[in-house]
Structures are given as structure tokens and as C-alpha cells.
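S.K.: Sharing a structure with you now.
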Amino acid sequence: MENNSLLRTDKELAELYQRHVDRVYRLCFIYLKNPVDAEDAVQSVFLKLIKYQMVFNDREHEKAWLTVTTRNYCKDVLKNWWKTRRVALDALPEVSSWDGAEPSGNVLARLLSLPEKYKTVLYLYYFEEYTVKEISEMLGYKESTIQTQLFRGRRRLKIDLGGKLLE
């Protein structure tokens with residue numbers, strides 16, 4: 001290989017991984033609701049990054065690419081025949097497997113119980129701090145749709161957490 005190759009060094013890949021592994025894992029966990037599946041998905045997303053040798057304009061571009069790729073990968077996993085025909089074990093609580101790093105376990109559990117369209121936009125908006133415009137570009141929906149999903153998701157989350165709806 002040439003020295004001016006576009007291939008990343010091991011050090012560059014390790015730095016990129018360290019910068020984004022937590023974010024990718026959290027997003028995988030939001031979708032898959034299972035730490036083992038989330039870990040497998042993280043591995044697959046980063047292998048895809050290595051395989052296709054993505055070149056990014058800046059850190060925001062790499063963050064956005066990883067977010068969209070993670071979302072698409074998790075959706076594909078959820079469509080897989082094995083996932084659709086597998087029976088969940090009710091005896092095992094889903095959220096108790098979360099590493100507990102965040103004190104808001106009840107909020108996270110409620111967020112995970114929301115329909116996908118709400119939990120995805122709420123996660124991207126509040127946890128990843130994307131703007132409505134950025135989320136609409138990533139997910140391919142109009143800004144007004146994202147705003148509506150944020151509004152309805154917040155309202156459902158508030159009701160789920162025992163808040164009264166005064167509006």
C-alpha cells in the first residue's frame with residue numbers, strides 16, 4: 001500500500017471508535033432493547049465503516065453517518081425473520097440490563113416503551129442534541145413531521161411518567 005492511501009491507521013480507527021461507541025450503543029439499545037443484540041449491532045456498524053472506508057468532511061458528518069447507519073442497521077435487524085418469530089421472555093426485565101450509568105432509569109424505560117417514531121426523534125433531539133432540521137434530513141421526513149412527533153412523544157412520555165395533561 002502507498003503511504004498516501006485513504007485507508008485509516010489502526011490508531012485513527014481506535015480514536016473514531018472511542019469517540020462514537022457510546023452513542024452508537026445507546027442508539028442500538030433504544031431500537032433493539034437488548035444489550036447483547038445492541039453490542040452485536042455496534043460491532044456490525046463499525047465493521048461497515050471499516051469495510052467501506054468512509055471519508056468524512058468533519059466530525060459532524062461522521063456522527064451523522066454513524067447515526068443513520070446505526071438506525072438503518074437496527075431496523076434491518078428488527079425486520080429479520082428470526083426477530084419477528086422469536087418470543088420475548090417476560091420473566092427477564094428489559095431495562096434492568098441497562099448499565100445504570102444514567103440516573104434517569106424510569107425515564108429511559110418509558111422512552112423505550114414509546115412507539116419507534118417517537119423514541120427515535122426524542123432520543124436524537126434530547127440525547128444527541130440534533131436540531132429539528134438535522135433530524136429531518138437524517139430521517140428523511142419534513143421538519144413539521146419531526147416537530148409533531150416531538151410534541152406527541154413528549155406528551156405521551158409525560159402521561160406515562162404520571163404527569164397530568166393540562167393542555
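S.K.: Somewhere in region 109-121, is a residue modelled with pLDDT of 80 or more, farther than 21 Å from residue 78 by Cα, surrounded by fewer than 15 Cβ atoms within 10 Å (Cβ to Cβ) and of a type in the set (D, E, K, R)?
M.R.: no
S.K.: Restricting attention to region 32-43, does a residue exist that is surrounded by 11 or more Cβ atoms within 10 Å (Cβ to Cβ), within 25 Å of residue 140 (Cβ to Cβ), modelled with pLDDT under 90 and not charged (D, E, K, R)?
M.R.: The answer is yes; a qualifying residue exists.
S.K.: Right, here's the next one. Does any residue of region 155-167 turn out to be modelled with pLDDT under 75, open to solvent by 30 Å² or more (accessible area, probe 1.4 Å) and within 20 Å of residue 41 (Cα to Cα)?
M.R.: no
S.K.: Can residue 66 be described as over 29 Å from residue 116 (Cα atoms), hydrophobic (A, V, I, L, M, F, W, C) and in contact (Cβ under 8 Å) with a residue 12 or more places away in the chain?
M.R.: Against the criterion (over 29 Å from residue 116 (Cα atoms), hydrophobic (A, V, I, L, M, F, W, C) and in contact (Cβ under 8 Å) with a residue 12 or more places away in the chain), residue 66 does not qualify.
S.K.: So residue 133 ticks every box in (1) open to solvent by less than 50 Å² (accessible area, probe 1.4 Å); (2) at pLDDT 80 or above; (3) in a helix (DSSP H, G or I); (4) in contact with an Asp or Glu (Cβ under 7 Å, 6 or more places away or on another chain) but one. Which box is left unticked?
M.R.: Result: residue 133 passes all but (1).
The values are calculated or read from the model by the stated rules, or taken from the named source; none is laboratory data. Because the structure is predicted, anything quoted here is derived from the model rather than measured. Quick reminder, even Gly has a Cβ in these numbers, built from the backbone with ideal geometry, and neighbours come from all protein chains shown. What goes into the accessible areas is simple: the full protein's heavy atoms, side chains included, and nothing from ligands, DNA or RNA. Shrake-Rupley method; radii C 1.70, N 1.55, O 1.52, S 1.80 Å.
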